[in-house]
Amino acid sequence: MRLMCLGGSGAGKTTQAQRLCEHFDIPKISTGEMLREAITNATDLGRHAEPYVIKGELVPDEIMISIIRWQLQQPKVNSGWVLEGYPRTAFQAEELDFLLDDLGQKLDWAIYLQVSEAVMVSRSLGRSLPDDQPEIVQRRVELFYDRTVPILEYYDRRRRLLTINGDQSPDMVQQNILNLLSVP
């Protein structure tokens, strides 16, 4: 199973991606976790990404695409994966399709966890992540509507989009996802 979790900040992507990984026994590829770890450890990637993350901006496409390319070439992902927090732009979505073609892989479903802007903001501010400050959260919400919503149209045209009401309990969201995937 090859899945991606899409949604705005605080939509529940991390929670559902983790649950799907456990259900299908496949690894999670989280760009947000990778970036935070790289910044904490002051790696080259961290130094390049930090100015963007601090402002709530998107890390440039070329950096993100190279991270995903490297991740998808690892042997641990041969049996499947869940992408969380990627792609964030239509260009990244198109590049991901090219990369998957090159690797002989195919995306099964893009799962969109739909929540209102108010839910995105309140959930994000309720977390304890260092980049969840009010002005940064607001900027990420704006970027979501500006850059990420076109990705939903992209996957919908390819009949690869599942839209889930993310404003429910995590258990209900997971059950709805599994029902739409037609798995027990």
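Report, please, the projected area of the chain averaged over directions, based on the convex hull of its C-alpha atoms, in nm².
Working: hull surface 39.4 nm².
The number I arrive at for the chain is 9.9 nm².
Divide by every residue of the chain the summed helix terms, -39500 (n - 2.57) for each DSSP H run of at least 4, and state the resulting mean residue ellipticity at 222 nm, rounded to the nearest 500 deg cm²/dmol.
On the way: 9 runs with 99 residues, N = 184.
About -16500 deg cm²/dmol.
Of the trypsin sites (Lys or Arg not before Pro) in segment 49-145, which ones lie in a loop per DSSP and count no more than 10 other C-beta atoms within 10 Å? Could you put the intermediate results ahead of the total?
Numbers: sites: LYS55, ARG69, LYS76, ARG88, LYS106, ARG123, ARG127, ARG139, ARG140; in loops: ARG88, LYS106, ARG127.
Here the sparse-neighbourhood loop sites are LYS106.
Give the cross-link partners of LYS28 among the lysines, using a straight C-alpha distance below 20 Å as the criterion and excluding same-chain residues fewer than 8 apart.
Output for LYS28: LYS13, LYS76, LYS106.
Let's see if you can work this out: charge +1 on each Lys and Arg Cβ, -1 on each Asp and Glu Cβ, no other charges. What is the dipole magnitude of segment 2-178 about its Cα centre, in debye to the nearest 20?
Values: 20 positive and 26 negative charges, 58 e Å.
Here segment 2-178 has a charge dipole of around 280 debye.
Return a whole-number percent for the relative contact order of the chain, with Cα pairs under 8 Å and 6 or more residues apart as the contact set. Display every interim value, and only then the final one.
On the way: 257 pairs, mean separation 62.9, N = 184.
Over the chain, the number comes to 34 percent.
Please quote Rg/Rh for segment 115-171 to two decimal places, taking the Kirkwood radius as Rh and restricting both calculations to Cα atoms. Walk me through the numbers on the way to the answer.
On the way: Rg = 13.2 Å, Rh = 12.8 Å.
Radius of gyration over Kirkwood radius for segment 115-171 works out to 1.03.
FYI, it's all coordinate maths here, none of it is from the lab. Bear in mind that the values here come from a model prediction, so they are computed numbers and not experimental data. For neighbour counting, all protein chains shown are included, and Cβ atoms are generated from backbone atoms with ideal geometry for every residue, glycine included.
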